Amino acid sequence: MKKTENMVWRFFASVRLALFSLLILATTSIIGTLIPQKNPPEFYVEAFGQRTAQLFQMLDVPNMYNSWWFISLLLLFSVNLIVCTIDRLPNVWKMVVMNNLDTDPERLEKMPHRQEFYARGDAAALAEIATGLLAKNGWKAEGETKPTGSLLFSQKLAWSRLGVYAVHLSILIIFAGAIIGSLLGFKAGVMIPEGSATDTVYETGTEKPIPLGFTVQCNDFKVSFYADGTTPKEFRSNLSVLENGKTIIDKRSIIVNDPLDYKGITFYQSSYEPMQGFNVVITNKATKVSQSFQIPFGQKISWPEGGIDFGVINQEVRSRMGDVNRLKVWFSDGQGDPSIFWMANNATQTISSPAATYEFEASQVYATGLQVAKDPGVWTVYAGCALMLIGLYVAFFLSHRRVWVYIVREEAADRCRILVCGASSKNKIAFEKEFAALVECFTHDSTLQNA
């Protein structure tokens, strides 16, 4: 039984398993990037053929990042990281907290960096001098008296040995955030005409309706064009958020890269669609009475209170999408002949009749296209990424550096032997320079030159 348990443990603690899992995750992620996700089945049949599309559906490739096998790969890699950490961390932790004053003097003699000095005097007094020299070079030492002499020890950045485990933890946090976002979040879209509202969005690809729990209203939409008159330069939506009949966010203007956030749901300005209709405002300049309308193209509209009939009888489009450049208006207040005129879209025209003067403002109705996303795991992912950067910096650029000074009394020669030695967990070249500077300090100390 123990042998079986050890085999299972070794399997999950294997570095080969980690490399294999990483390779498979990277490969499948590339596939998921190249093959569009969450599209209708017809899309894959048209793009890849009937048989390939059937294979994709069997393997859940169109929804790969939510598939059972991809999440299983994440869990396998996570278990591998956890077991590797449990297997190796205790030994590393011992290196961090160990009492280095218990180091065997014979081991000090074999250190990769070492230098010997000789000096007259008492070992305890020389230990105090050595402690001062260490402090001068940034090494805070602790000491212990041994049967054979005095031993001093100092270290820097012992905790840097834990950097790789911070990276392990960051990967697990990122995976947790990704799974939370995958299971509890969504990506959707919706088209909202001006003056309309919705409390439902539709999942990208599947068009599955998703209730928001509140209402989003498009109050207004504006689009501007480049000098060619056909290429959109900027489009802007004016949105409101209503909940339980109350306005929570009033007339928040959004553009591309400036979304609206509410209750963890983000609304991005992504597109627009010109509609076959117009927003019209008619104002009697004498009485200051004004009325707003949203009218269809090509129909006669009446305003009984104002005694006015009007309509848009023709239009000139500027783009393939159907953006209107100019519109032709028929207008009558029952006094004299009707007014028929062309006017620019999103402009105001003054109309004079025998009875009154009017201002006629007209603009094409648009529907704003919004991408809607909810990702409750995003801040978990951000925290994991921040921890990973810290862990990588510690793991690659910081090192655990240790220095010992061993002072032994040689009665026959009436002097003390001073052994300065050190070791570094990595970045040996940098430590070699630091150790050389420490040795030079010992070399030029007048007390240690009297041997």
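The values are calculated or read from the model by the stated rules, or taken from the named source; none is laboratory data. Keep in mind the model is a prediction, meaning the values are calculated, not measured. Glycine also receives a Cβ, built like all others from the backbone with ideal geometry; neighbour counts cover every protein chain displayed.
So if I check each of Leu89, Leu133, which one is within 15 Å of Ile407 (Cβ to Cβ), in a helix (DSSP H, G or I), among the hydrophobic types (A, V, I, L, M, F, W, C) and modelled with pLDDT of 90 or more? Write out each step before concluding.
Details: Leu89 fails: within 15 Å of Ile407 (Cβ to Cβ).
Going through Leu89, Leu133 in turn, the sole match is Leu133.
Test Asn314 against the stated conditions and say whether it is outside the structural domain of Val201 (by TED's automatic domain parsing) and buried (at least 17 other Cβ atoms within 10 Å of the Cβ). Spell out the reasoning first.
Working: outside the structural domain of Val201 (by TED's automatic domain parsing): yes; buried (at least 17 other Cβ atoms within 10 Å of the Cβ): no.
Answer is no for this residue.
With (1) assigned to a helix (DSSP H, G or I); (2) under 20 Å from Ala367 (Cβ atoms) as the list, and Glu305 as the residue in question, which single condition is left unmet?
(2)
Using beta carbons and a limit of 8 Å, which pairs, at least six apart or on different chains, have the first residue in the range 366-384 and among the basic types (Lys, Arg) and the second one in a helix (DSSP H, G or I) and at pLDDT below 95?
Listed by first residue and then by second, the contacts come to Lys374/Leu184.
Return a yes/no flag: does the range 376-391 have any residue that is surrounded by fewer than 18 Cβ atoms within 10 Å (Cβ to Cβ), over 30 Å from Lys187 (Cα atoms) and either in contact with a Ser or Thr (Cβ under 6 Å, 6 or more places away or on another chain) or not polar (S, T, N, Q) (or both).
Among the residues of the range 376-391, at least one is surrounded by fewer than 18 Cβ atoms within 10 Å (Cβ to Cβ), over 30 Å from Lys187 (Cα atoms) and either in contact with a Ser or Thr (Cβ under 6 Å, 6 or more places away or on another chain) or not polar (S, T, N, Q) (or both), which makes the answer yes.
Any chance the range 309-322 includes a residue that's out of contact with any Gly (no Cβ under 7 Å at 6 or more places or on another chain), on the phi > 0 side of the Ramachandran plot and not in a strand (DSSP E or B)?
Within the range 309-322, one or more residues are out of contact with any Gly (no Cβ under 7 Å at 6 or more places or on another chain), on the phi > 0 side of the Ramachandran plot and not in a strand (DSSP E or B).
Check off (1) outside the structural domain of Gln349 (by TED's automatic domain parsing); (2) at pLDDT below 95 for Val216 and give me the number that stays unchecked.
(2)
Can you tell me which residues in the range 205-251 are of a type in the set (Lys, Arg) and out of contact with any Lys or Arg (no Cβ under 9 Å at 6 or more places or on another chain)?
First pass over the range 205-251, keeping only residues of a type in the set (Lys, Arg): 208, 222, 233, 236, 246, 251.
The answer is Lys208, Lys233, Lys246, Lys251.
Sort out which residues of the range 243-254 are surrounded by 13 or more Cβ atoms within 10 Å (Cβ to Cβ) and modelled with pLDDT of 90 or more, and write them in order of number.
Within the range 243-254, Glu243, Ile248, Ile249, Ser253, Ile254 qualify.
In the range 143-154, which residue that is touching a helix residue (DSSP H, G or I) at 6+ places or on another chain (Cβ under 7 Å) and not hydroxyl-bearing (Ser, Thr, Tyr) is modelled with the lowest pLDDT?
Among those that are touching a helix residue (DSSP H, G or I) at 6+ places or on another chain (Cβ under 7 Å) and not hydroxyl-bearing (Ser, Thr, Tyr), it is Gly149.
Could you grab me the full set of residues in the range 143-167 that are in contact with a strand residue (DSSP E or B) (Cβ under 6 Å, 6 or more places away or on another chain), under 17 Å from Arg401 (Cβ atoms) and not aliphatic (A, V, I, L, M)?
Passing the criteria: Phe153, Ser154, Gln155, Lys156.
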